[in-house]
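Inspection log for the structure reproduced underneath, given as C-alpha cells.
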Amino acid sequence: MASVSDKQLHWEEQIADKRKRQQAAIPKDWLIPQVPEGQTNVIDVPRTCGLLTERELKITEVSNVNVLLQKLATAEWSAVEVTTAFSKRAIVAHQLVNCLTEIFVDKALERAAELDAYLKEHGKVTGPLHGLPISLKDQFKIKGLETTMGYAAWIGKYAEEDAVLVQLLLQAGAVLYVRTNVPQTLMWGETYNNVFGRTVNPYNRRLTAGGSSGGEGALIALRGSVLGVGSDIGGSIRIPAHFCGVYGFRPSSHRMPSYGVVNSLDGQESVATAFGPLSNSLSGVTTYMRSVLEQEPWRHCPDTIPKPWSQDDYQLKAHGGGKKLCFGIMWDEGTIKPHPPILRALETTKKALEAAGHSVIEWKSLRHSEYIAVTRSFWLADGSEDYNSCLTTGEPLIHSMDPNADPNVIPDFRVPRQPLSAYQVWQLNKERRELRKHMLDRWQATASLTGTGRPIDALICPPAPYAAVPHGQKKSSLYTLIWNAVDYPALIIPVTKVDPKIDVKPVRDSFWSTDDEVIHGMYDPEIYKDVPVGIQLVGPTLQEEVILGIGEVVDAALLSSGPD
C-alpha cells in the first residue's frame, strides 16, 4: 500500500507533468516578454505587446459576433486566419492571467482549414457558426482530451467521445481551440486549483476574475475569445461576467444540453447546473442560444426540455413589442447592502430605461435567506462525499481561495456535514417548491402595479454586493444564488467601471448584519478603481428568449444614455 508521502509525490508529479505538457502546447513564437510584476491592469497588453498583427487585432476586437460570422461566410476573413488570431490572443491572455487549461491550436487550425475548403468548394457555410472560434470551460468533454476540472486525480483520463454540446457546436460549424480554468470542486466564486493554479482579473491582477467560470470571464475580457461556454449552479457564469465586464447568461437549468459534461455534485438535480454563454456582446449570447436550440438538442440529451427557439418571444410580442416595458428593480436583498458602484450601475440603468420611455418600480426582497438556506442544504446533502471521491491521489481539498490562508484551517462552511437521508432531501424539495410558488405569486401580483396589464417584464438587481474583490475575499453568492433556487434565467449586462471620485465610501452608523458590516469594511474605492460593474436582468423560468430580447432593450437604452 502506498504511503501518504508516496501519494503526495504521485499527485504532485502528475501536476508537474500536466503543466509541462500544457506549456509545450504553446507555440514558442507566441510568447511575450514578461509583464512587470507591479503592472496590475493588463487589459491593453494584447493590443500593445507587438505579437498580433493589425489584421489580427482587427479580427479579435470585433465584438458583434454576427459581423464576424458574416465576414467568415463571405470569405472576407478565412476560418484559418480568424482561428489563428483568437488562438494567438488567447495564448497572450493566458500568459497575463493564467486562464487556460487545455490548448489544442493545431487541431483547431486543421478544423478551420477544412471549413475554408468546404466553403470554397460548395459556396456555402457548414452551419450558423461556420468558422467561429469558441472557448469552453474545463467541463465539456472533447474526444481525445483530458478534462481534469482542476482535480489531480482526473489527469490522464481521456474522453472517448464528445459531450453533446460539443457535437452540436461542431455540427454548427464552430472551431474549438482552448478550454478554460475553474476552481477545485467548482463550488467557489473564484478560480484556483492545484493543477493549473489561480486565474486573475485582467483589470487588476490583485483581484479575482470570479468563478467558477473564471477562466472564461478573464479570457473573453482580454478578447482571446469572442464567445465561450460556462456553467452556473449558484452564479458561476454571472459572477465572472460581472467581475470581468462581459455579458454572461444563465438559462433555465434544462434548456441547454448537459449530457457528457463532467461536473461536481453530479446527480444532484434539485438545484441543477445550467450551461450558458459568455461573450463580449449580447449578439454573441443570442447567436449561441439560437444556434444550439435550432439543432433540437433534446433529441441528443435526455435532460433537455423540448422547447424550440421562439422568435416571437425574442421579439417580445407578448410584451408590447418591447415598447413601454415595466421593470422591477431590487436595490438590495435586505441583509447586505451593495457597494456604491453597484448601486450607481442600478441607478444608471433605471434612468436610461425611463429616458427611453419605460417604467421602473421597486421590488422588495422577501424571504431571501430561506431561498439561500434551502439551496445550500442541497449542496451539502452528501456530507462532502462527492468532493472526497475526487481526491483519491492524496491531493488536499482546498479550504480557502485566500493565497495567504493556512491550508489546515477549515472555515465553518467547509466543515463536512452529516449526510441527509432521502426523506430529509424530500422535505427540502417540498420547501423549495413552496418557495418557488411564493416567488411566482409575487411576480404575477405586480400586474396591479405596472400599468401595462402585465406583471413586470423583467427584474433588475445586483449581480453581487461588490465588483471584483481581492483574492480570497469573495463572500456569499447570495445575489445570484436566489435565481438558481427558483430556476430563473438571468443575464449580466456590463454598465460602468468603478470611479473613486464618484463611488466614495459612505459613512454608516448601523449595519443590517455581521456580513453587511464585513462587506462594507472591504470597500476601498482605490482598490476597485476601473474594475467593471454590471447589472443582472432576471425573468421567469424558461423565458430565455424574452430575457435576451429585453436585454437588447436595456443595452440600447444604456448606449443611448451615453457615458455614465
Could you please find all residues in the range 131-155 being within 14 Å of PHE104 (Cα to Cα), small (Gly, Ala, Ser) and not in a strand (DSSP E or B)? GLY144
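Which of the helices (runs of 4 or more DSSP H) found entirely inside the range 270-374 contain at least 2 residues meeting this: under 30 Å from VAL507 (Cα atoms) and at pLDDT 95 or above? Before the answer, list the steps.
Details: elements: 282-293, 311-314, 340-355.
The qualifying helices (runs of 4 or more DSSP H) are 340-355.
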Which of the residues spanning the range 493-551 are hydroxyl-bearing (Ser, Thr, Tyr) and within 30 Å of LEU325 (Cβ to Cβ)? THR496, THR541
Please name all residue pairs, on different chains or six or more residues apart, with Cβ atoms under 6 Å, provided the first residue is in the range 304-316 and is on the phi > 0 side of the Ramachandran plot and the second residue is modelled with pLDDT of 95 or more and surrounded by 15 or more Cβ atoms within 10 Å (Cβ to Cβ). LEU316/GLY322; LEU316/GLY549
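Tell me, yes or no, whether the range 465-481 has at least one residue that is of a type in the set (D, E, K, R), crowded, with 18+ Cβ neighbours inside 10 Å and in contact with a Gly (Cβ under 6 Å, 6 or more places away or on another chain). Break it down into steps so the answer makes sense when it comes.
In the first step, residues of the range 465-481 are kept if they are of a type in the set (D, E, K, R); the result is 474-475.
Checking which are crowded, with 18+ Cβ neighbours inside 10 Å leaves us with 474.
Checking which are in contact with a Gly (Cβ under 6 Å, 6 or more places away or on another chain) leaves us with 474.
Yes; the residues of the range 465-481 include at least one that is of a type in the set (D, E, K, R), crowded, with 18+ Cβ neighbours inside 10 Å and in contact with a Gly (Cβ under 6 Å, 6 or more places away or on another chain).
Quick one: is ASP509 more than 12 Å from PRO341 (Cβ to Cβ) and either out of contact with any helix residue (DSSP H, G or I) (no Cβ under 9 Å at 6 or more places or on another chain) or outside any loop (DSSP other than H, G, I, E, B) (or both)?
Values: more than 12 Å from PRO341 (Cβ to Cβ): yes; either out of contact with any helix residue (DSSP H, G or I) (no Cβ under 9 Å at 6 or more places or on another chain) or outside any loop (DSSP other than H, G, I, E, B) (or both): yes.
Against the criterion (more than 12 Å from PRO341 (Cβ to Cβ) and either out of contact with any helix residue (DSSP H, G or I) (no Cβ under 9 Å at 6 or more places or on another chain) or outside any loop (DSSP other than H, G, I, E, B) (or both)), ASP509 qualifies.
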Where the second residue is surrounded by fewer than 18 Cβ atoms within 10 Å (Cβ to Cβ) and acidic (Asp, Glu) and the first is over 18 Å from ILE550 (Cβ atoms) and in contact (Cβ under 8 Å) with a residue 40 or more places away in the chain and lies in the range 435-458, which pairs have Cβ atoms under 7 Å and are six or more apart or on separate chains? LEU435/GLU370
Would you mention how many residues in the range 532-563 are at pLDDT 95 or above and in a loop (DSSP other than H, G, I, E, B)? 5
Some residue of the range 187-197 being surrounded by fewer than 24 Cβ atoms within 10 Å (Cβ to Cβ) and assigned to a loop (DSSP other than H, G, I, E, B): yes
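Collect the residues in the range 14-27 that are over 14 Å from ALA90 (Cα atoms) and either assigned to a loop (DSSP other than H, G, I, E, B) or among the basic types (Lys, Arg) (or both), keeping them in residue-number order.
The initial filter retains those residues of the range 14-27 that are over 14 Å from ALA90 (Cα atoms), namely 14-21, 24.
Within the range 14-27, LYS18, ARG19, LYS20, ARG21 qualify.
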When you check PRO411 against the structure, is it more than 26 Å from the chain's Cα centre (by Cα), over 24 Å from ASP332 (Cβ atoms) and without any contact (Cβ under 8 Å) to a residue 60 or more places away in the chain, yes or no? no
For the range 512-564, enumerate the residues that are more than 23 Å from LEU491 (Cβ to Cβ) and free of Cβ contacts under 8 Å to residues at least 24 places away in the same chain. THR514, GLU517, GLY521, ASP524
Determine which single condition GLN171 fails, assuming it passes every other condition in (1) surrounded by fewer than 20 Cβ atoms within 10 Å (Cβ to Cβ); (2) free of Cβ contacts under 8 Å to residues at least 60 places away in the same chain; (3) not acidic (Asp, Glu). (2)
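Among the candidates GLY210, GLY230, which residue alone is assigned to a strand (DSSP E or B) and in contact (Cβ under 8 Å) with a residue 12 or more places away in the chain?
Details: GLY210 fails: assigned to a strand (DSSP E or B).
Within the list GLY210, GLY230, the selection yields GLY230.
Just a yes or no: is a residue in the range 80-87 closer than 29 Å to GLY156 by Cβ, touching a Ser or Thr at 6+ places or on another chain (Cβ under 9 Å), surrounded by 19 or more Cβ atoms within 10 Å (Cβ to Cβ) and modelled with pLDDT of 95 or more? Steps first, please.
From the range 80-87, those closer than 29 Å to GLY156 by Cβ are 83, 86-87; that's our starting set.
The next check asks that each one be touching a Ser or Thr at 6+ places or on another chain (Cβ under 9 Å); those that pass are 86.
Retained after the next criterion (residues that are surrounded by 19 or more Cβ atoms within 10 Å (Cβ to Cβ)): 86.
Within this subset, residues satisfying the condition of being modelled with pLDDT of 95 or more are 86.
Yes, the range 80-87 contains a residue that is closer than 29 Å to GLY156 by Cβ, touching a Ser or Thr at 6+ places or on another chain (Cβ under 9 Å), surrounded by 19 or more Cβ atoms within 10 Å (Cβ to Cβ) and modelled with pLDDT of 95 or more.
At least 3 residues that are more than 19 Å from GLU216 (Cα to Cα), touching a residue at least 12 places away in the same chain (Cβ under 8 Å) and within 23 Å of the chain's Cα centre (by Cα) in each: list the helices (runs of 4 or more DSSP H) lying fully within the range 54-119 that qualify.
Correct list: 65-73.
The values are calculated or read from the model by the stated rules, or taken from the named source; none is laboratory data. Note that the structure is predicted; figures quoted are calculated from it, not measured. Note: ideal-geometry Cβ built from the backbone for every residue, glycine included; neighbour counts use all protein chains shown.
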